[in-house]
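J.: Below is a structure I'd like to ask you about.
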Amino acid sequence: MSGAAPPRLLPLGDAAWTVEFGEGIAPEVHARVMALADAVAAMAEPAVSDLVPTFRSLTVHFDPLRADGAALGRRLLAAATAPPAGTGTAGGRRWRLPACFGGAHGPDLAAVATEVGITEAAAVALLAEAELRVYMIGFMPGFPYMGGLPEPLHRPRLATPRLQVPARSVAVAGAMAAVYPWESPGGWRLVGRTPLALFDASRGEQPALLAPGDRVHFLPIEDAEYRRLEAESAAGRLDPAQWRIA
């Protein structure tokens, strides 16, 4: 904690607190966010209804009729300033997600590779070697904002966003990578596509496949394998848990 910014406690209406750590996007800041999420979960406070981690903050939603909001805020700030008990979900789960890169699945891969002066194969190799950290879920249900993108692949968003980005597209923008769970407009560079559903309401309490703190590696696959897995997924015969490696 030496040299780290002190946490800030910010009210979000009368039914939520936000605890903010530091500035910018950094693994050490996010580790503090996730350590606090672990600590709050361990409190088992019945009035707390939801925890929302982001790049540098944790929002804690609670029922103001069941909890003393001011007292809860003091507990949150105390937990945020205490040394973390362990890595907990800051380490997260680890995944190796299959994806087909380039061509129709990744129409921007060739341009990204050309802009940075490497081959498409080299760009795919960089993506496959990288360990990406899920910092937060946002924009739409199940959309993972992932850091750790190799520096050569840092490219700006498209000058003109697409009106339709295919569901499950793997994309990059700036220093981040993501996967679009749904078809939607979007301005990120599309470099590939995964056959796995990133959000599925039938998965009960955890419909989003990825969660803040998870680590992701991509497993490059050929088009034929992509189409086989896509068909299996559409038929409900594909268990994404098989790509969880820890």
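J.: Hey, which of the strands (runs of 3 or more DSSP E) in region 157-246, taking only ones fully inside, have at least 1 residues that are of a type in the set (Lys, Arg) and modelled with pLDDT of 95 or more?
T.: Qualifying strands (runs of 3 or more DSSP E): 162-165, 189-193, 215-220.
J.: From the residues in region 184-237 that are basic (Lys, Arg) and within 20 Å of Phe101 (Cα to Cα), which one is surrounded by the most Cβ atoms within 10 Å (Cβ to Cβ)?
T.: Among them, the one singled out is Arg193.
J.: Moving on to the next point. Sort through Leu238, Leu163 and tell me the only one that's more than 23 Å from Leu126 (Cβ to Cβ), outside the structural domain of Val33 (by TED's automatic domain parsing) and either touching a helix residue (DSSP H, G or I) at 6+ places or on another chain (Cβ under 6 Å) or among the acidic types (Asp, Glu) (or both).
T.: Among Leu238, Leu163, only Leu238 is more than 23 Å from Leu126 (Cβ to Cβ), outside the structural domain of Val33 (by TED's automatic domain parsing) and either touching a helix residue (DSSP H, G or I) at 6+ places or on another chain (Cβ under 6 Å) or among the acidic types (Asp, Glu) (or both).
J.: Next up: For residues that are under 23 Å from the mean Cα position of the chain (by Cα), assigned to a loop (DSSP other than H, G, I, E, B) and surrounded by fewer than 19 Cβ atoms within 10 Å (Cβ to Cβ), tally how many sit in region 13-53.
T.: Of the residues in that region, 4 qualify.
J.: Take region 23-41 and flag every residue that is out of contact with any strand residue (DSSP E or B) (no Cβ under 9 Å at 6 or more places or on another chain), among the small types (Gly, Ala, Ser) and either under 10 Å from Phe55 (Cβ atoms) or in the same structural domain as Gly213 (by TED's automatic domain parsing) (or both).
T.: Gly24
J.: Out of everything in region 113-141 that is in a loop (DSSP other than H, G, I, E, B) and modelled with pLDDT under 95, what residue ends up being nearest to Leu51 (Cα to Cα)?
T.: Looking at the filtered set, the residue picked out is Gly138.
J.: Return a yes/no flag: does region 100-110 have any residue that is at pLDDT 95 or above and in a strand (DSSP E or B).
T.: Yes; the residues of region 100-110 include at least one that is at pLDDT 95 or above and in a strand (DSSP E or B).
J.: Then there is this: Restricting to region 142-156, give me the number of residues that are within 23 Å of Arg32 (Cβ to Cβ) and outside any loop (DSSP other than H, G, I, E, B).
T.: So the count comes out to 4.
J.: So which residues in region 76-91 are buried (at least 18 other Cβ atoms within 10 Å of the Cβ) and at pLDDT 65 or above, if there are any at all?
T.: Leu76, Ala79, Ala80
J.: Within region 188-198, identify whether any single residue is assigned by TED's automatic domain parsing to the domain that holds Val124, without any contact (Cβ under 8 Å) to a residue 24 or more places away in the chain and touching a strand residue (DSSP E or B) at 6+ places or on another chain (Cβ under 7 Å), and answer yes or no.
T.: no
The values are calculated or read from the model by the stated rules, or taken from the named source; none is laboratory data. What you see is a predicted model, and the numbers here were worked out from it, not measured in a lab. Glycine gets a Cβ as well: all are built from the backbone with ideal geometry, and neighbour counts include every protein chain shown.
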